[in-house]
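Mind looking over this structure? Questions follow.
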Amino acid sequence: MTDLLDHLRAAVGDTHVLTSPDDVAAYVVDWTGVHAGRALAVVRPGSTEEVAAVVAACHEAEVAIVPQGGNTGLVGGGVPDASGSQVVLSLGRMRTVRSVDAVTGTITVDAGVVLADLHVAAEEAGRLFPMSLGSEGSCTIGGNLATNAGGTAVLRYGMTRELVLGLEVVLPDGRVWDGLRGLRKDNTGYDLTQLFVGSEGTLGVITGAVLRLFPATPRHATAWVAVPSVDAAVALLGVARDRAGVHLSTFEIANRQALDLVLTHLPGASDPIGEPSDWYVLVELAGAATEDGLDGALEATLGDTVDAGHVLDAAIASTPAQRSALWALREGISEAQKVEGATLKHDVTLPIADLARWTSEIEPVLDTILPGVRPVTYGHVGDGNLHYNLSAPVGRDAELLAAAPDLSRAIYDSVAAANGSISAEHGLGRTKAAAGASYKSAVEVDLMRAVKKALDPDGLMNPGVLLP
Ligand code: FAD
Ligand code: MLT
Ligand code: ZN
């Protein structure tokens, strides 16, 4: 292995090959703290050429690579296993915005550009890059592409795969595929770009991307709405679609347990409504600077639904600071639940029409497995995507962890029975690789293995992730 480390140092420079336990510590444990591995080395290339040299050296030495962006992934896909034999390839130094074309509506970036920096670059060009995640201050566009990330703007703009026009990828043998053409129309064969989106680092290392930009939407109408039930939230969604049309950009749900954790653990958070409710919705309409009908559309939506009994109360933001405070209630839930203690995450999608029935039926099932278990239910209800994340009964984390296999199986079985998905937006990673395969047909798993074999015949790209 000394030979490999020498090759890596020659490729990226001594200071960018980290091997001491202190230096690698932040790269080998994931955000959840559940996955803590060991690495042969962490390598930090600064260009596509350097990534290619690193990958070629690892290929030659038959050493596995774990690509890593911001390390905010929630399924353990971006950290190494416990063997100490894998190289973590961090894209953290590749942060250049290569070019912006406001007329065509494209931006070309290095894979290590942080999502929040991409927002700023788009804004400076008078455009919008719409993807929005609670982790946007740290996650990278390479990680977003590799996980096909979702977030709070999917309702209007789609998942990451709908925002990308082309990629540059270093293949497992070190060759570079330059697919950065950025054309809206290009029907010349298999769609290789889309093959790499959502591949979780198992087919190659994404080093660059051409992304779509949209007209800026500086105007917002935002409300935190108390609703009596999931059914009522779905009814509100229907009315909001009718009243706001394309301006409806966010429709997020949270149960009272989720809000309670935020109020307990997030400094400065306060309940904008006061009177407790079982469920809440964050609804936002967004439009161009010239758009002046947003407030009216929001008020009409709420008016219709209050009359029908679907809305109990609402707090409407009238300043940017109030808007940020409402968003913080939603975006703070993951962090607040982490502070509370162990979290068992389930990132599921169901047909929207089944959400109310599913949430009411699954809760008593889980309660028989672990009495008092606390579902912290929130997420992108406008996309049918719930984060059904369980916390232990207060002070009983060990019991939650012991019951985890049974709790997760009950949830996934019922999601599968309802034709849903066990991973809406976080991917499969290490956490769900086995479960992912077990809920797919044999034909689908065979096709996935065939793709993996064709691109990575030696199995060196992120082994153990996505496919068991
Ligand atoms: P990492 O965590 O570093 O890696 C994730 C996966 O991508 C790994 O398998 C890794 O090997 C691979 N990878 C990373 N970079 C590359 C590359 N350049 N080439 C090839 N493979 C690569 N996700 C959502 O979808 N929606 C949300 O709303 C959301 N909210 C979040 C909120 C919080 C508070 C947190 C902590 C996370 C949230 N996430 C969400 C999960 C996470 O932020 C996303 O999965 C994100 O896309 C990961 O980006 P990253 O750069 O941190 O990738
Ligand atoms: C979110 O939408 O906040 C995250 O994807 C959920 C999570 O942390 O489980
Ligand atoms: Zn989410």
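FYI, it's all coordinate maths here, none of it is from the lab. Since we're looking at a predicted model, the values are computed, not measured. Here the Cβ is made from the backbone with ideal geometry for all residues, glycine too, and neighbour counts use every protein chain on show.
Tell me which residues come under 5 Å, amide H to amide H, from LEU165 once H is placed; ignore anything under 5 positions away on its chain.
For LEU165, whose amide H was placed from the backbone, the distant partners under 5 Å are VAL210, LEU211, ARG212.
So, one more: Could you tell me whether the stretch 341-426 comes out rounded, prolate or oblate from its Cα gyration tensor? Rule is a ≥ b ≥ c as square roots of the eigenvalues, rounded for a/c under 1.5, then prolate if a/b exceeds b/c, otherwise oblate. Mind dumping the intermediate values first?
Values: a/c = 1.94, a/b = 1.69, b/c = 1.15.
Prolate.
Would you work out the charge dipole size for the stretch 91-242 about its Cα centre, treating the Cβ of every Lys and Arg as +1 and the Cβ of every Asp and Glu as -1, and quote it to the nearest 20 debye?
The dipole of the stretch 91-242 has a size of about 220 debye.
Something else about it: With runs of 4+ DSSP H residues as the only contributors, calculate the mean residue ellipticity of the chain at 222 nm using -39,500 (n - 2.57) per run, divided by the residue total and rounded to the nearest 500.
On the way: 16 runs with 174 residues, N = 468.
Estimated from H runs of four or more residues: -11000 deg cm²/dmol.
Per residue of the stretch 196-202, in order, report the coupling 6.51 cos²θ - 1.76 cosθ + 1.60 (Karplus, θ = phi - 60°) as ³J(HN,Hα) in whole Hz, putting x for Gly and Pro.
So the J values, rounded to whole Hz, are 7, 6, x, 8, 6, x, 8.
Pop the C-beta distance of GLU291 and ASN187 into the FRET formula with R0 = 25 Å and round what comes out to the nearest 0.05.
The computed FRET efficiency comes out at 0.10.
Can you list residues whose amide H is under 5 Å from CYS139's amide H, if they're 5+ apart or on another chain and H is modeled 1.01 Å from N?
Result for CYS139 returns LEU115.
While we're looking at this one, here's another question. Given the peptides 163-174, 204-215, arrange them by the average over their residues of other C-beta atoms within 10 Å, most packed first.
Descending packing order for the listed peptides: 204-215, 163-174.
With a point put 7 Å past each Cα toward its Cβ, work out how far GLU123 is from ARG93 in nm, to one decimal.
2.9
Now a separate question. Which order, highest average first, do 141-152, 294-305 follow once you tally other Cβ atoms within 10 Å for each residue and take the mean per peptide?
Result, highest mean first: 141-152, 294-305.
Considering only the other residues whose Cβ falls under 11 Å of the Cβ of PRO130, what net charge follows from Lys and Arg at +1 and Asp and Glu at -1? If you can, show how the numbers build up before the last one.
Values: positive: ARG127, ARG156, ARG212; negative: GLU162.
Within the 11 Å Cβ shell, the charges total +2.
Same structure, new question: For ASP178 paired with VAL451, estimate the spin-label separation in nm (one decimal), with each label point 7 Å from Cα along the Cα-to-Cβ line.
Spacing of the two 7 Å Cα→Cβ label points: 2.6 nm.
Follow-up question, since we're still on this one. Quick check: the distance between the Cα centres of the stretch 411-428 and the stretch 166-180, to the nearest angstrom?
31
Right, here's the next one. Give me the number: length gained by fully extending HIS265 to THR15, i.e. 0.36 nm times residue separation minus the C-alpha to C-alpha distance, one decimal in nm.
On the way: separation 250, 0.36 × 250 = 90.00 nm, distance 3.85 nm.
Contour length minus Cα-Cα distance gives 86.2 nm.
Here is a follow-up. Find out how many positive minus negative residues lie around LEU118, taking Lys and Arg as positive, Asp and Glu as negative, among other residues whose Cβ is under 14 Å from that of LEU118.
Charge balance in the 14 Å sphere: -1.
Still on this structure, I have one more. At what distance in angstrom do the alpha carbon centres of the stretch 297-349 and the stretch 44-115 lie from each other?
About 34 Å separates the Cα centre of the stretch 297-349 from the one of the stretch 44-115.
Just to check I understand the Karplus step: with θ = phi - 60° and J = 6.51 cos²θ - 1.76 cosθ + 1.60, what whole-Hz values come out for the stretch 150-156, glycine and proline as x?
With coefficients 6.51, -1.76 and 1.60, one gets x, x, 8, 10, 4, 3, 9 Hz.
Efficiency by 1/(1 + (r/R0)^6): what FRET value for ALA353 and ALA410, r their Cβ-Cβ distance, R0 = 22 Å, to the nearest 0.05? Working shown, then result.
Numbers: r = 22 Å, r/R0 = 0.98.
E between ALA353 and ALA410, to the nearest 0.05, is 0.55.
Let me ask something else. For a quick check: sort LYS185, LYS453 by the number of other beta carbons within 10 angstrom, fewest at the front.
Details: LYS185 5, LYS453 11.
If I rank by nearby Cβ atoms, fewest first, I get LYS185, LYS453.
Now, a different point. If I model a spin label at GLU275 and VAL306 as a point 7 Å from the Cα along the Cα→Cβ vector, what separation in nanometres do I get?
According to this spin-label approximation, the distance is 1.0 nm.
Hey, another quick one. Let me know the charge dipole size of the chain about its Cα centre in debye, to the nearest 20, where only the beta-carbon of Lys, Arg (+1) and Asp, Glu (-1) is charged.
580
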